[in-house]
Amino acid sequence: MTTDLSTVIRPIASAHGLPNAHYTDPGVHAEERAALLFDEWAGLAVAADVPEPGDARPVEFLGVPLLLLRGRDDVVRVFHNICRHRGMILVSEPRRIEGAIRCPYHSWCYAHDGRLVATPHVGGPGMNTHAGIDRDALGLVEVPSHIWRDVIFVNLNGNAAPFEEAHADLLDRWREFDSPHHHGGADSRFTLDVNTNWKLAVENYCESYHLPWVHPGLNSYSRLEDHYHIEAPGRYSGQGTYVYRQIRGEDGAVFPDFPVLSQKWDAGAEYIALYPNVLLGAQRDHAFAIILEPRGLDRTVEHVHLYYASPETDEALRAQNTAQWKLVFEEDVSVVEGMQKGRHTPGFDGGRFSPVMDGPTHLFHAWVAGKIAAHRQRAVAAE
Amino acid sequence: MNGLDARMRAAHEVGDGPALVALYQEAAETAQSDMACGFFLTHAFVHALESGDARADDLKARLRGMGRI
Ligand code: FES
Ligand SMILES: [Fe+2]
């Protein structure tokens, strides 16, 4: 099915939101999988998921089996998690690779960096070579990946501009935070399993309009007028605040700051949705990344990770911080699930935006509309 | 074979890589043909590779000497 996107790309004052089908139709979902997720730099996981050399972790992204592997050279790579022989799944549980990855089917072996290093009996019993099998050309297939703020981004279709080029302005915007970000560990990660299309989580995250209503706890110190829009058409959008307040323990202790920050960040913080599916927070004393994993048309798993300026931070304060953010993100669940349900209303026109408050959300819709239109055009040209 | 079969099965059961290396090497020593020897050495080599066992290098050299790798 095709959808009419002409109303979406209008100026915000007269624009409509994306049509229902973008949240309820499997055909449109398939288009978006290709055009919005596989053609772009999508968030897949975090490097902290494979902390030690040799760590291997299978992950699925929209049905595609992938393998995160931290080599003994400490480089994190992403591969298709299948054997070059018969396409068998190679690694089915997270584990440490001591030597090589041995395929469970006919035992072809792959090194920590993906090279094919053994093809037992490929030329007959006890004969491990064959002229027709060029091992050098049969290593694991690597997916282009890039790590930024510990998030592993992948471009599954291998057709995007290099990450640093595609996101040069955001990299520049947050250049001051280029110091090491240390994952807080097991107490600093959690997931939320939400019955919504992944886009609604983006749309909700990047606007501040809902804050006083959905997160009333913020009202005492963070009012609407303390927030500003962040708008980079075609790349990212979100919100910033002028009144960021550090979390304090009972004894008044705070987390250490990231080094060499300018004054702007004393009470400033920014929250950005990096299209397509990564939600980021930058603050003086900690950061977070949320990777939205679309599990289907109407189901999203939000993987939340918190980061600090130092590898050693106070455990109790960390737990307090995780609990605080968890509460905030849980408060958003009912609205993104409610909007998803709402998308089954026949004749819903996509909704109208506040011309003043909804700029970041409208930008995301316009990005979706532009990418989908280009994708459809290419499909027509290819016919 | 001195219960070699049973010992191999037990090692496979628990996925004991280093033991498998030794057992397949042992099998190779008593193999009746060059092909059988190559077969068992191949298994010793693969298990050594998988478990990051230092014996992998020697086994590889041996297989190479036999023109089997
Ligand atoms: S499928 Fe992997 S070795 Fe055959
Ligand atoms: Fe929210």
Flag if residue A:140 is in a helix (DSSP H, G or I), more than 14 Å from every other protein chain (Cβ to nearest Cβ) and under 25 Å from residue A:46 (Cα atoms): no
Taking the stated definitions as given, is residue A:122 in contact (Cβ under 8 Å) with a residue 60 or more places away in the chain and either buried (at least 16 other Cβ atoms within 10 Å of the Cβ) or over 30 Å from residue A:287 (Cβ atoms) (or both)? no
Would you kindly identify the strands (runs of 3 or more DSSP E) lying entirely within segment A:23-89 that contain at least 1 residues that are within 16 Å of ligand 2 (Cβ to nearest atom)? none
Among the residues that make up segment A:151-165, is at least one of them within 21 Å of residue A:69 (Cβ to Cβ) and charged (D, E, K, R)? no
For segment A:90-99, name all the residues that are assigned to a loop (DSSP other than H, G, I, E, B) and either open to solvent by 60 Å² or more (accessible area, probe 1.4 Å) or more than 9 Å from ligand 1 (Cβ to nearest atom) (or both). A:91, A:92, A:93, A:94, A:97, A:98, A:99
Among the residues of segment A:224-233, write down those that are modelled with pLDDT of 95 or more and either open to solvent by 40 Å² or more (accessible area, probe 1.4 Å) or within 12 Å of ligand 2 (Cβ to nearest atom) (or both). A:228, A:229, A:231, A:233
Would you tally the residues in segment A:297-335 being buried (at least 18 other Cβ atoms within 10 Å of the Cβ) and not in a helix (DSSP H, G or I)? 12
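Is it the case that segment A:219-228 has a residue that's closer than 16 Å to residue A:272 by Cβ and in the same structural domain as residue A:287 (by TED's automatic domain parsing)? If you could, list the steps in order and put the result at the bottom.
Our first condition is that a residue be closer than 16 Å to residue A:272 by Cβ; within segment A:219-228, this holds for A:227-228.
Restricting the remaining residues to those that are in the same structural domain as residue A:287 (by TED's automatic domain parsing) gives A:227-228.
Yes.
Yes or no: segment A:282-295 includes at least one residue that is among the charged types (D, E, K, R), modelled with pLDDT of 95 or more and open to solvent by less than 10 Å² (accessible area, probe 1.4 Å). Even if it seems obvious, please write down each step before you answer.
Restricting attention to segment A:282-295, the residues satisfying the condition of being among the charged types (D, E, K, R) are A:284-285, A:293, A:295.
Remaining after also requiring modelled with pLDDT of 95 or more: A:284-285, A:293, A:295.
In the following step, the residues that additionally are open to solvent by less than 10 Å² (accessible area, probe 1.4 Å) were identified as A:285.
Yes; the residues of segment A:282-295 include at least one that is among the charged types (D, E, K, R), modelled with pLDDT of 95 or more and open to solvent by less than 10 Å² (accessible area, probe 1.4 Å).
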Here is a list of conditions, (1) in a helix (DSSP H, G or I); (2) at the interface with another protein chain (Cβ under 10 Å from one of its Cβ atoms), and residue B:31 meets all of them except one; can you say which number that is? (1)
Is it the case, given these coordinates, that residue A:71 is within 16 Å of ligand 1 (Cβ to nearest atom), at pLDDT 95 or above and outside the structural domain of residue A:264 (by TED's automatic domain parsing)? no
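Taking the stated definitions as given, is residue A:104 outside the structural domain of residue A:184 (by TED's automatic domain parsing) and within 16 Å of ligand 1 (Cβ to nearest atom)?
Against the criterion (outside the structural domain of residue A:184 (by TED's automatic domain parsing) and within 16 Å of ligand 1 (Cβ to nearest atom)), residue A:104 qualifies.
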Does segment A:363-371 contain any residue that is open to solvent by 30 Å² or more (accessible area, probe 1.4 Å), away from ligand 1 (no atom under 16 Å from the Cβ), within 26 Å of residue A:291 (Cβ to Cβ) and in contact with a Leu (Cβ under 7 Å, 6 or more places away or on another chain)? yes
Restricted to segment A:100-113, and to residues that are open to solvent by less than 10 Å² (accessible area, probe 1.4 Å) and not aliphatic (A, V, I, L, M), which residue is nearest to the other protein chains (Cβ to nearest Cβ)? A:109
When you go through (1) of a type outside the set (Val, Ile, Thr); (2) within 13 Å of ligand 2 (Cβ to nearest atom); (3) farther than 23 Å from residue A:323 by Cβ; (4) touching a Ser or Thr at 6+ places or on another chain (Cβ under 8 Å) one by one for residue A:237, which number turns out not to apply? (2)
Quick check: anything in segment A:33-47 open to solvent by 40 Å² or more (accessible area, probe 1.4 Å) and either at negative phi or polar (S, T, N, Q) (or both)? yes
If a residue must be surrounded by fewer than 18 Cβ atoms within 10 Å (Cβ to Cβ) and among the acidic types (Asp, Glu), how many such residues does segment A:48-63 contain? 2
What's the number of the only condition in (1) open to solvent by 50 Å² or more (accessible area, probe 1.4 Å); (2) on the phi < 0 side of the Ramachandran plot; (3) within 13 Å of chain A (Cβ to nearest Cβ); (4) modelled with pLDDT under 95 that residue B:15 fails to meet? (2)
Apart from one, (1) open to solvent by less than 60 Å² (accessible area, probe 1.4 Å); (2) farther than 23 Å from residue A:358 by Cβ all hold for residue A:238; the odd one out is (2)
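Are there helices (runs of 4 or more DSSP H) fully within segment A:167-223 with at least 2 residues that are within 16 Å of ligand 2 (Cβ to nearest atom)? List them.
Working: elements: A:168-173, A:198-205, A:211-214.
Hits in segment A:167-223: A:198-205, A:211-214.
The values are calculated or read from the model by the stated rules, or taken from the named source; none is laboratory data. No experiment lies behind these values; they were computed from the predicted model shown. When we count neighbours, we look across all protein chains shown, and the Cβ atoms used for this are built from the backbone with ideal geometry, even at glycine. To get the accessible areas, we keep the full protein, side chains included, count just its heavy atoms, and leave off ligands, DNA and RNA. Shrake-Rupley method; radii C 1.70, N 1.55, O 1.52, S 1.80 Å.
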